[in-house]
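Structure record follows, encoded as structure tokens.
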Amino acid sequence: MLKISAFSKLTRVSVKTLRFYDNLGLLKPAVVDENNGYRYYTEEQLLTVKRIVALKEQGFTLEQIKPLLEENVMPEAVKNQLADKKKELEQAIHEAQNQLSEIDRRLTRIEESEEHHQHTPVTIRYVEPQLTASIRDTIPRTQLCLLLDEILQYVPSCGEDEGRLLTILWHNFVSMNSDIVDIEVALPLTKVIPSRGRVKVGILPELKAAVSLVHQCNPYRNDCPAVNELMSWVRSQSLVPSTKEPVREIYLTSDKDMYGTLRLAELLIPIEHTG
């Protein structure tokens, strides 16, 4: 007979774990001294410990292991439990592979964003027309996330990818940093989908000339320092902002790709075409 400390050394299983196995009914001591409560094990119980370790290595939980240690366990029951565990592990592998693929996609998007951010900070560029689904409303600025979520809920239900670059259109540029805003959120589409309720599907028109600033945007703030920076640049170049098209903000980093509180965004101020 071995005291629990000696049995622990022999099996390389901690005393705490042996006591836990005892409480679970997984490995009961051969004898418990009624006077002092000391636990004693036999050398033969080393085999049981080895079986527990082997089953844990196969991925079984302690609750799943317990019936596999019973004296009269039927071969069919063992076969069924092994088959169930195989399916469980295959599913875990499948989920892990999906997670790895998603991480690879996010690494690629981060690298693309880094390359984009290395471009000249302020440029004038052409913006192509784009088929989009959009929602426009006049709301408290704090409710912008609700508007974004509404469009992101609808588009995937029509079989479109929600991971595309969201565009925010500020229809009243003067109130862009105000508490109440006239705002539209738009998500690019690859095909025509039905309009429904507040969601309108149509073409977001081209911008023949727009001043562009790629910057790190904090969506948790109610003001955007980039607005003042870009407007100052526009004035310094004697450019005239367009009164026909709203200012646009394109999220170059999706919600899923945000780490920290900043996301890469492009601010676009349409200007009168200079020819």
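Just so it is clear, none of the values below were taken in a lab; they were calculated from the coordinates. What you see is a predicted model, and the numbers here were worked out from it, not measured in a lab. Cβ sites come from the backbone with ideal geometry, for glycine too, and all protein chains shown count toward neighbours.
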>> Residue by residue through the range 11-16, what is 3J(HN,Hα) from phi via Karplus (6.51 cos²θ - 1.76 cosθ + 1.60, θ = phi - 60°)? Round to whole Hz and write x for glycine and proline.
In response: 8, 6, 10, 4, 4, 4
> Tell me which lysines have Cα within less than 21 Å of residue 191's Cα, excluding those fewer than 8 residues away on the same chain?
Replying inline: 200
>> If exposed means no more than 10 neighbouring beta carbons inside 10 Å and the site is in a DSSP loop, what's the longest run of the chain without any exposed chymotrypsin sites (Phe, Trp or Tyr not before Pro)?
In response: 1-219
> Which entries in the list 66/256; 50/79; 56/256; 9/56 go over 31 Å, if you measure between the two C-alpha atoms of each?
Replying inline: 66/256; 56/256
> Could you put 149, 257 in order, starting from the residue whose Cβ has the fewest other Cβ atoms within 10 Å?
Replying inline: 149, 257
> Can you give the calculated 222 nm mean residue ellipticity of the chain, where each DSSP H run of n ≥ 4 adds -39,500 (n - 2.57) and the sum is split over every residue, rounded to the nearest 500 deg cm²/dmol?
Replying inline: -13000 deg cm²/dmol
> At each listed q (0.15, 0.21, 0.23 Å⁻¹), what is the log10 of I(q)/I(0) that the Debye formula gives for the range 189-275 modelled as equal alpha-carbon point scatterers?
Replying inline: -0.73, -1.08, -1.13
>> Going by amide H atoms built from the backbone, whose H comes under 5 Å of the H on residue 189, apart from near neighbours?
In response: 131, 132, 133
> Expressed as a whole number of Å, what is the distance separating the alpha-carbon centroids of the range 181-255 and the range 69-97?
Replying inline: 54
> Dividing the alpha-carbon radius of gyration of the chain by 2.2 N^0.38 Å (N being the number of residues), what value is obtained?
Replying inline: 1.70
>> If I model a spin label as a point 7 Å beyond the Cα along the Cα-Cβ vector, how far apart are those points for residue 237 and residue 17 in nm?
In response: 6.6
>> Bins of 5 Å, beginning at zero and ending with the bin holding the largest distance: percent of Cα pairs per bin for the range 108-257, please.
In response: 2, 8, 17, 21, 22, 18, 9, 3, 1, 0
> Considering amide H positions built from the backbone, and no H for Pro or chain starts, which residues 5 or more places from residue 181, or on another chain, come under 5 Å of its amide H?
Replying inline: 139, 141
>> Ignoring GluC sites (Glu not before Pro) that are buried or in helix or strand per DSSP, and keeping those with at most 16 other beta carbon atoms within 10 Å, what is the longest stretch of the chain between them?
In response: 72-161
> Taking R0 as 30 Å, what's the FRET efficiency between residue 99 and residue 137 from their Cβ-Cβ distance, rounded to 0.05?
Replying inline: 0.25
>> If the elastic network links every pair of Cα atoms under 10 Å, which of 94, 171, 215 fluctuates the most in the Gaussian network model of the chain?
In response: 94
> Starting at 0 and stepping by 10 Å, how many percent of the alpha carbon pairs of the range 1-131 end up in each bin?
Replying inline: 10, 25, 18, 14, 10, 9, 8, 5, 1
> Can you list the aspartates and glutamates whose alpha carbon sits under 12 Å from that of residue 3, skipping same-chain ones fewer than 8 residues off?
Replying inline: 33, 43
